[in-house]
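Enquirer: Got a structure for you, questions after.
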Amino acid sequence: MQNVPACPTFAELLDGAQHSAVHLEMRDSYGVASEADDFERWKQTGERDTDSNSAYWAPWVELVRRAVERGVKVHRARIVSEPVSDYIRYEHAGTVVNLRAGEDVRWLSRRCTSDIALPGNDFWLIDSHLIRWNHFTGDGASGGGEICRDPGITKLCADAFETVWGRAVPHEEYRIS
């Protein structure tokens, strides 16, 4: 059996980024345990935690701010089916915090991606040469991460992200359908 190196944390990846950290999300729902309570509250009340200093958001906000202050561009693109799922509505409602932290976020209808060669999993691409795959179970729970440095695969991801980014709508202009 081959030894698989431990997957770096997001903090390690973003703290090590030199110029770019791009994230492509392609699922219509996630079932990540750390979001479960907030998502349930949002479904029941329509209220979303958008306090950048809350226990939920503060670690992420600080991590992104550190990267952005070093000159790292942090971009997130979300490919979504329309009309969107409840989870995407929830994500959209909280994206204001991502923006405050320094991320640039765009949205693209899945209908506009049929001619794009997309990888099979969500990913982070750090400095155009390191991929952190985000694996998920069928119900959207985290299935763990995996690192890839293969130049051909990083090029696929970089090209896919750039194409999505070029077509996507900035968060401020994207209207939930």
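Read-outs throughout are calculated quantities, based only on the coordinates presented, and are distinct from any laboratory measurement. In this text the structure is predicted, and so the values were computed from the model without any measurement. Note that each Cβ is placed from the backbone with ideal geometry, even for glycine, and that neighbours are counted across all protein chains shown.
Enquirer: I'm checking my understanding of the structure. Among residues of the range 22-52 that are touching a residue at least 60 places away in the same chain (Cβ under 8 Å) and either assigned to a strand (DSSP E or B) or of a type in the set (S, T, N, Q) (or both), which one is surrounded by the fewest Cβ atoms within 10 Å (Cβ to Cβ)?
Expert: Result: S29.
Enquirer: Please verify whether the range 138-151 includes one or more residues that are touching a helix residue (DSSP H, G or I) at 6+ places or on another chain (Cβ under 6 Å), assigned to a strand (DSSP E or B) and under 24 Å from R70 (Cβ atoms).
Expert: No.
Enquirer: Hey, another quick one. Can you tell me which residue among V68, V84 is assigned to a loop (DSSP other than H, G, I, E, B) and of a type in the set (V, I, T)?
Expert: Just one listed residue meets the conditions, V84.
Enquirer: Take the conditions in a loop (DSSP other than H, G, I, E, B), over 18 Å from the mean Cα position of the chain (by Cα) and closer than 24 Å to H129 by Cβ and apply them to A55. Does it pass?
Expert: It is false that A55 is in a loop (DSSP other than H, G, I, E, B), over 18 Å from the mean Cα position of the chain (by Cα) and closer than 24 Å to H129 by Cβ.
Enquirer: What are the residues in the range 126-157 that are closer than 15 Å to A17 by Cα and of a type in the set (A, V, I, L, M), if any?
Expert: I126, L130, I131, I147
Enquirer: Anything in the range 163-175 that is surrounded by 13 or more Cβ atoms within 10 Å (Cβ to Cβ) and under 14 Å from V22 (Cβ atoms)? List them, or say none.
Expert: Hits for the range 163-175 are T163, V164, W165, A168.
Enquirer: Hey, another quick one. Considering each of G140, G120 in turn, give the residue that is out of contact with any Gly (no Cβ under 8 Å at 6 or more places or on another chain) and closer than 21 Å to S29 by Cα. Step through it out loud before you land on a result.
Expert: Details: G140 fails: out of contact with any Gly (no Cβ under 8 Å at 6 or more places or on another chain).
Selected residue: G120, the only one of G140, G120 that is out of contact with any Gly (no Cβ under 8 Å at 6 or more places or on another chain) and closer than 21 Å to S29 by Cα.
Enquirer: Going by the conditions given, is W60 closer than 27 Å to E162 by Cα and in a strand (DSSP E or B)?
Expert: It is false that W60 is closer than 27 Å to E162 by Cα and in a strand (DSSP E or B).
Enquirer: Identify, please: which residue in the range 140-152 is exposed (fewer than 15 other Cβ atoms within 10 Å of the Cβ) and touching a residue at least 24 places away in the same chain (Cβ under 8 Å) and is, among those, farthest from D127 (Cα to Cα)?
Expert: A141
Enquirer: If you don't mind, another one. In the range 103-138, which residue that is of a type in the set (D, E, K, R) and out of contact with any His (no Cβ under 8 Å at 6 or more places or on another chain) is surrounded by the most Cβ atoms within 10 Å (Cβ to Cβ)?
Expert: R132
Enquirer: Failed condition for V72, given (1) within 26 Å of S109 (Cα to Cα); (2) in contact with a strand residue (DSSP E or B) (Cβ under 9 Å, 6 or more places away or on another chain), with all others met?
Expert: (1)
Enquirer: Go through (1) more than 11 Å from the chain's Cα centre (by Cα); (2) touching a residue at least 60 places away in the same chain (Cβ under 8 Å); (3) not in a helix (DSSP H, G or I) and name the single condition L125 misses.
Expert: (1)
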